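Asks: A single structure is presented below for examination.
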Amino acid sequence: MAILVLIGHAYSEADLGTYFQLLAMVGLAVTATQAGSGPLLVRLAQNAAFGQAIHVVGTRFVIAGFTSILIVTTTSVPFAQYWPLTLVPFAAALSPDWMIVAKTRFSRLGMIAVIGQACGIMVSVWAWLSPSDLALYLIAPAISLTSLALATVFAFEQSSTKAPLASTGSAFGLVGFTLLAGFLPNLDFVLLGADNDPLFLAQRIFLFCAGLIAAIASTLFAKNEVGQIRDIWLLAPMVLIAGLLLFLPDKLADLFYGSPSDDLITILQVGAGWPVLMAFIARQILILQEISAAKWLGWGCLALMIISASAMLPRDLALDIMMLIEVRLACLVLILLACQKVATRRQVMA
């Protein structure tokens, strides 16, 4: 939040729109790099299967190279301007934070987050004082590289925990659902909202919600929390944020940006349902991802979201795009709810 406030008041909407669009592409690259392997690596670490884990990490590093090349070849922004962002997928590939999650040492993850963000804030102060393109594009790499260094130190502290080993089918499902959860916060914005600056400025606020959901879901997964506790932790914070977006969008926009446009404020208000929908999707993924009968579901839903977005006619109005994004997420929630009933029934019958 501090970073967004600093740069939001130092750069123009056009500069920030370009920057945030590149960040959204990097977000997709990071998701592809991690290849949905986070929960799988947690389970492997909890069962001391480190040989298999090393192969997974090696695969992630190779994918990081491909995704970085794809970003370079598909963007029209000069590489000399945004080159630091290409370091982020490699940091994500190599980070051993999954070992810390496997040990349920969440205090260490908190330290990593705080120190990483502190480094990002220091670079953003430089960007605010300059303002410099290099400083702006170094913020995300500063956070990623600091987090990588700290995770490497904390990952090898003495501590262990055990959990049931995931079956082959369950591991396949874990990867698919993790990819789905990782792609969703950026996918529709990149595929449907290209070059729409107010939309990407709004997305940076929505991504706070996505990050909070991911952190909560990761904790719930590692601790195997189920039932009402899981639902309260996921849904209650997002309902609160949705209320703020619905009733005080102008205040939030003024907090983060120097001169927010009316379009940005309207997008935030119309997008108030986005955090709640993402929380529902995270809930369904936690329920379904280790059910072998649903092992293809995450992959199928991800393919459906990509193909359907690619087939849609382009829209110019950011408001229309935001409404379409929410409709698509609502449809995905209904699909996952229906599939949960079917998968549960099959599991009981089996």
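The values are calculated or read from the model by the stated rules, or taken from the named source; none is laboratory data. Here the structure is a predicted model, which means the values were calculated and not measured. Every residue, glycine among them, receives a Cβ derived from its backbone with ideal geometry; neighbour counts consider all protein chains shown. Heavy atoms of the whole protein, side chains included, go into the accessibility calculation; ligands, DNA and RNA do not. Shrake-Rupley method; radii C 1.70, N 1.55, O 1.52, S 1.80 Å.
Asks: Being surrounded by fewer than 20 Cβ atoms within 10 Å (Cβ to Cβ) and touching a helix residue (DSSP H, G or I) at 6+ places or on another chain (Cβ under 6 Å) is the filter here; which residues of segment 133-145 pass it?
Replies: Within segment 133-145, Asp133, Leu145 qualify.
Asks: May I ask you to verify whether Asp254 is open to solvent by 40 Å² or more (accessible area, probe 1.4 Å), under 30 Å from Leu6 (Cα atoms) and not in a helix (DSSP H, G or I)?
Replies: The answer is no for Asp254.
Asks: Another one. So for segment 120-132 (the condition being modelled with pLDDT under 85, crowded, with 21+ Cβ neighbours inside 10 Å and of a type in the set (S, T, N, Q)), does at least one residue qualify?
Replies: Within segment 120-132, none of the residues are modelled with pLDDT under 85, crowded, with 21+ Cβ neighbours inside 10 Å and of a type in the set (S, T, N, Q).
Asks: Tell me whether segment 151-159 contains one or more residues that are touching a residue at least 24 places away in the same chain (Cβ under 8 Å), of a type in the set (A, V, I, L, M) and under 30 Å from Phe79 (Cβ atoms).
Replies: yes
Asks: Collect the residues in segment 211-234 that are more than 17 Å from the chain's Cα centre (by Cα) and not small (Gly, Ala, Ser), keeping them in residue-number order.
Replies: Lys223, Asn224, Glu225, Val226, Gln228, Ile229, Arg230, Asp231, Ile232, Trp233
Asks: Identify the residue in segment 73-87 that is part of a helix (DSSP H, G or I) and open to solvent by less than 60 Å² (accessible area, probe 1.4 Å) and, among all such residues, is farthest from Ala149 (Cα to Cα).
Replies: Result: Gln81.
Asks: Can you name every residue in segment 13-48 that is surrounded by fewer than 22 Cβ atoms within 10 Å (Cβ to Cβ) and not in a helix (DSSP H, G or I)?
Replies: Ala35, Asn47, Ala48 - these are the residues of segment 13-48 that are surrounded by fewer than 22 Cβ atoms within 10 Å (Cβ to Cβ) and not in a helix (DSSP H, G or I).
Asks: Determine whether segment 86-94 contains at least one residue that is out of contact with any Pro (no Cβ under 7 Å at 6 or more places or on another chain) and farther than 22 Å from Gln21 by Cα.
Replies: Yes, segment 86-94 contains a residue that is out of contact with any Pro (no Cβ under 7 Å at 6 or more places or on another chain) and farther than 22 Å from Gln21 by Cα.
Asks: Sticking with this structure for a sec: Could you please give the count of residues in segment 88-109 that are touching a residue at least 12 places away in the same chain (Cβ under 8 Å) and open to solvent by 70 Å² or more (accessible area, probe 1.4 Å)?
Replies: From segment 88-109, those touching a residue at least 12 places away in the same chain (Cβ under 8 Å) are 88-106, 108-109; that's our starting set.
Going one step further and asking which of them are open to solvent by 70 Å² or more (accessible area, probe 1.4 Å), we end up with 94.
Within segment 88-109, residues that are touching a residue at least 12 places away in the same chain (Cβ under 8 Å) and open to solvent by 70 Å² or more (accessible area, probe 1.4 Å) number 1.
Asks: Of the conditions (1) open to solvent by 20 Å² or more (accessible area, probe 1.4 Å); (2) within 20 Å of Ser37 (Cβ to Cβ); (3) not basic (Lys, Arg), Ile112 clears all except one; give me its number.
Replies: (1)
Asks: How many of the residues in segment 307-318 are part of a loop (DSSP other than H, G, I, E, B), surrounded by 10 or more Cβ atoms within 10 Å (Cβ to Cβ) and free of Cβ contacts under 8 Å to residues at least 40 places away in the same chain?
Replies: Qualifying residue count, segment 307-318: 1.
Asks: Just wondering, is there one or more residues in segment 49-68 that are surrounded by 15 or more Cβ atoms within 10 Å (Cβ to Cβ), touching a residue at least 60 places away in the same chain (Cβ under 8 Å) and either part of a helix (DSSP H, G or I) or on the phi > 0 side of the Ramachandran plot (or both)?
Replies: Within segment 49-68 (the criterion being surrounded by 15 or more Cβ atoms within 10 Å (Cβ to Cβ), touching a residue at least 60 places away in the same chain (Cβ under 8 Å) and either part of a helix (DSSP H, G or I) or on the phi > 0 side of the Ramachandran plot (or both)), the answer is no, since none of the residues qualifies.
Asks: Also, I was wondering about something else. Identify the residue in segment 257-302 that is over 20 Å from Arg43 (Cα atoms) and either outside any helix (DSSP H, G or I) or of a type in the set (Lys, Arg) (or both) and, among all such residues, is least open to solvent (accessible area, probe 1.4 Å).
Replies: By that ranking, first place goes to Tyr257.
Asks: Could you tell me how many of the residues in segment 219-251 are of a type outside the set (A, V, I, L, M, F, W, C), surrounded by fewer than 19 Cβ atoms within 10 Å (Cβ to Cβ) and either at pLDDT 90 or above or in a helix (DSSP H, G or I) (or both)?
Replies: Summing the residues that are of a type outside the set (A, V, I, L, M, F, W, C), surrounded by fewer than 19 Cβ atoms within 10 Å (Cβ to Cβ) and either at pLDDT 90 or above or in a helix (DSSP H, G or I) (or both) in segment 219-251 gives 9.
Asks: Looking at (1) within 28 Å of Asp262 (Cβ to Cβ); (2) surrounded by fewer than 17 Cβ atoms within 10 Å (Cβ to Cβ), find the lone condition where Ile321 falls short.
Replies: (2)
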